[in-house]
Amino acid sequence: MASGKLVRKQDVVLVTRAECVEIVSQTLNLDRVHVIDYSIEAATLPTDKDQRELIERIGLFHKEVQLYSILLPKLKWNTGSSKWRPNCYLSRYDLLIMEELGHLGYGHVPDRMEFTEKHMQETLKCLARMHASSLEFEINHCENTRIDAIFGSLLFESQLTGKNTWFKAGLNVIEAFAKHKSTFKDHPSIRDDPNKLMEMMEKVYQLSESTREFQNVLCHRDLWSKNIMFQFPKLEGNPQELDYANPQHCLLMDFQICRYQPPAVDVLLTIFFNTRRQHRDEHMQLYLKFYYDFLKQELKKYDIDAAIKLPWEEFTRSCKHYALMPLIFNCIFVPLTHLAPGILTQIQKTDPERYHVICNTDRNEFVLQNMDLDDFYRDYVTEVMEELLQHLLT
């Protein structure tokens, strides 16, 4: 029996009562179930026409539905303290019904709250669980072949592609910042050659493919704060509030841009998405070692020797090989993810056409204007942009 309210979207029932009966019956392993009322945690295609068309063209939502339907259920140990993703109870071409986690104490960190070492360690442990289960599946169930040889149609590149106007618009913002606000604006590669910086940045496309140089795993690639749900204890002295400073466990959400790539890709992206530069400079090597040691521990459960399957030397070498990717991704994500809370949502509601332009065509002016209006935003965007430009130009 489920409690709650009937969930509708624009007067259309997202899930029928019969589908709810099927979900509850399968979850509780009962033949006869009577649903009195229900609420759902759902992921759906957007109602905004332009956004929906873009997502359908790139195949983001279809990809996630297929992953939840076909590949993710095959990966082991998604239970108890080893759990790394929420359960999916219903997958449809236009809808995913997910496990509701709020009543278990899971939630996102508040907007603009910085991850501490505790948050990063819990996230890296969860990531290691996912990678270990991926390796176990490939070694023991893929009959001497690779995951992408069997499930390649589910793991296509949906982000790092010239067809993705969202990504291209992000590269254009980096270029605009470099020319107008950067300390490198008088560098010859920016001042004298209008195409040079873009050519250097577009090398990131070469890093999007699977490789045979390094061991690959199922990689999430989108673990910023809104795609990570932590289990927080109640705040001492105020049981109505969560203690956001003390995460106990976490789960990974939103698998729309998964790829089959070396684990270093995921580890680096996760660290960059959720920490400031000074924190990274101080903790990067500690986090890489922490992740690797926990991965070894997880692989032991499956009788897999990390020293053979993914030696430390190979892991650190792959981190250097993919160094450009997190720098580029961070510069594309941060100008959108670190805006003042509610700005993009408000634009989407009041001016859908402008929202579409910002997301998928041209966000240069929007980003530069917000840098002048918001000190936190200006400092954060400047930090990630300067870090990338320093990497490329020095």
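Could you go through the stretch 296-319 and let me know if any residue there is surrounded by 18 or more Cβ atoms within 10 Å (Cβ to Cβ), polar (S, T, N, Q) and touching a Lys or Arg at 6+ places or on another chain (Cβ under 9 Å). Taking every residue of the stretch 296-319 in turn, none turns out to be surrounded by 18 or more Cβ atoms within 10 Å (Cβ to Cβ), polar (S, T, N, Q) and touching a Lys or Arg at 6+ places or on another chain (Cβ under 9 Å).
Against the numbered list (1) surrounded by fewer than 22 Cβ atoms within 10 Å (Cβ to Cβ); (2) touching a residue at least 40 places away in the same chain (Cβ under 8 Å); (3) of a type in the set (F, W, Y), F273 comes up short only at (1).
For every residue, the table says whether it meets (1) at pLDDT 95 or above; (2) of a type in the set (A, V, I, L, M); (3) within 18 Å of L268 (Cα to Cα); (4) touching a helix residue (DSSP H, G or I) at 6+ places or on another chain (Cβ under 8 Å).
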{"site": "M120", "(1), (2), (3), (4)": "yes, yes, yes, yes"}
{"site": "F137", "(1), (2), (3), (4)": "yes, no, no, yes"}
{"site": "R146", "(1), (2), (3), (4)": "yes, no, no, yes"}
{"site": "Q159", "(1), (2), (3), (4)": "no, no, yes, yes"}
{"site": "T165", "(1), (2), (3), (4)": "no, no, no, yes"}
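Could you check, for the stretch 225-238, whether at least one of its residues is in a helix (DSSP H, G or I), surrounded by fewer than 22 Cβ atoms within 10 Å (Cβ to Cβ) and in contact with a strand residue (DSSP E or B) (Cβ under 8 Å, 6 or more places away or on another chain)? Lay out the reasoning, then the answer.
At the first step, the residues of the stretch 225-238 found to be in a helix (DSSP H, G or I) are 225-227.
Narrowing the set further to residues that are surrounded by fewer than 22 Cβ atoms within 10 Å (Cβ to Cβ) leaves 225-227.
Next, from what is left, pick out any that are in contact with a strand residue (DSSP E or B) (Cβ under 8 Å, 6 or more places away or on another chain): 227.
Yes: one or more hits.
For A307, are the conditions met, namely being under 24 Å from the mean Cα position of the chain (by Cα), small (G, A, S) and more than 19 Å from L171 (Cα to Cα)? Full working, then the answer.
Values: under 24 Å from the mean Cα position of the chain (by Cα): no; small (G, A, S): yes; more than 19 Å from L171 (Cα to Cα): yes.
It is false that A307 is under 24 Å from the mean Cα position of the chain (by Cα), small (G, A, S) and more than 19 Å from L171 (Cα to Cα).
Residues that are farther than 17 Å from Q285 by Cβ and small (G, A, S) within the stretch 310-363 comprise A340, G342, listed in sequence order.
For the stretch 276-293, which positions are more than 19 Å from H220 (Cα to Cα) and crowded, with 23+ Cβ neighbours inside 10 Å? So that I can check it myself, show each step before the final result.
As a first pass, look at the stretch 276-293 and keep what is more than 19 Å from H220 (Cα to Cα): 276-286, 289, 293.
Passing the criteria: none in range.
The C-beta contact set for the stretch 131-148 (first residue over 17 Å from K300 (Cα atoms), second residue among the aromatic types (F, W, Y), distance under 9 angstrom, 6+ apart or interchain) comprises R146/Y260; I147/F137; I147/Y260; D148/Y260. Take P262 and decide whether it is surrounded by 21 or more Cβ atoms within 10 Å (Cβ to Cβ), within 22 Å of L310 (Cα to Cα) and touching a strand residue (DSSP E or B) at 6+ places or on another chain (Cβ under 9 Å). Taking the combined requirement at face value, the residue satisfies it. Considering only the stretch 175-190, I want to know if a residue exists there that is surrounded by 15 or more Cβ atoms within 10 Å (Cβ to Cβ), within 21 Å of the chain's Cα centre (by Cα), acidic (D, E) and modelled with pLDDT of 95 or more. Checked the stretch 175-190: no residue is surrounded by 15 or more Cβ atoms within 10 Å (Cβ to Cβ), within 21 Å of the chain's Cα centre (by Cα), acidic (D, E) and modelled with pLDDT of 95 or more.
Considering the stretch 233-285, the residues that are under 21 Å from the mean Cα position of the chain (by Cα) and polar (S, T, N, Q) include one that is nearest to A132 (Cα to Cα), namely Q261. Looking only at residues in the stretch 337-371 that are in contact with a helix residue (DSSP H, G or I) (Cβ under 7 Å, 6 or more places away or on another chain) and of a type in the set (D, E, K, R), which one is nearest to G162 (Cα to Cα)? Selected residue: D362. If the condition is being in a loop (DSSP other than H, G, I, E, B) and under 22 Å from V381 (Cβ atoms), then the stretch 153-193 contributes Q159, L160, N164, K181, S182, T183, F184, K185, D186, H187.
The values are calculated or read from the model by the stated rules, or taken from the named source; none is laboratory data. Computed from a predicted model, the values in this text were never measured in an experiment. Glycine gets a Cβ as well: all are built from the backbone with ideal geometry, and neighbour counts include every protein chain shown.
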